[in-house]
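Notes follow once the structure below has been shown.
The values are calculated or read from the model by the stated rules, or taken from the named source; none is laboratory data. The structure presented is a predicted model; accordingly, all values stated were derived computationally and were not measured. Here the Cβ positions follow ideal geometry from the backbone for every residue, glycine too, while neighbour counts run over all protein chains shown.
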Amino acid sequence: MMNLISECKGFWGLLIFGNIENLILASQGATSHVNPIILLALSLICVVIWLLAGKFGTQLAIKYADEIEIIGGLAIVILGLQSMLEATGII
């Protein structure tokens, strides 16, 4: 377990903000009156995909951790802004 934590230390920011983004997207789906069962199923599918990508992709991607974190952080900010703007009715 400790080995896994030390291997993923380059991705901690992305993991934390990615989980926050998942909450934002789930609330966006709830406010858009998406069927909660479909939302649950899609969320679980995404979590499993992220788990598998994290388990098998960390070894390959660790040398690019800084670049991945910058791109992922930018995507999280853009999606968060988009969902806030849609929730306020600006777009």
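Identify all residues within the range 60-78 that are in contact (Cβ under 8 Å) with a residue 12 or more places away in the chain and surrounded by fewer than 14 Cβ atoms within 10 Å (Cβ to Cβ); write none if there are none. Scanning the range 60-78 gives a single hit, ASP66.
Which one of the conditions (1) at pLDDT below 75; (2) of a type outside the set (Lys, Arg); (3) surrounded by 14 or more Cβ atoms within 10 Å (Cβ to Cβ) does GLY29 fail to meet, given that it meets all the rest? In the conditions (1) at pLDDT below 75; (2) of a type outside the set (Lys, Arg); (3) surrounded by 14 or more Cβ atoms within 10 Å (Cβ to Cβ), GLY29 misses (1) alone.
Tell me the residue from GLY10, GLY54 that is surrounded by 13 or more Cβ atoms within 10 Å (Cβ to Cβ), at pLDDT below 75 and over 15 Å from the mean Cα position of the chain (by Cα), please. Step by step, each of GLY10, GLY54 is checked, and only GLY10 is surrounded by 13 or more Cβ atoms within 10 Å (Cβ to Cβ), at pLDDT below 75 and over 15 Å from the mean Cα position of the chain (by Cα).
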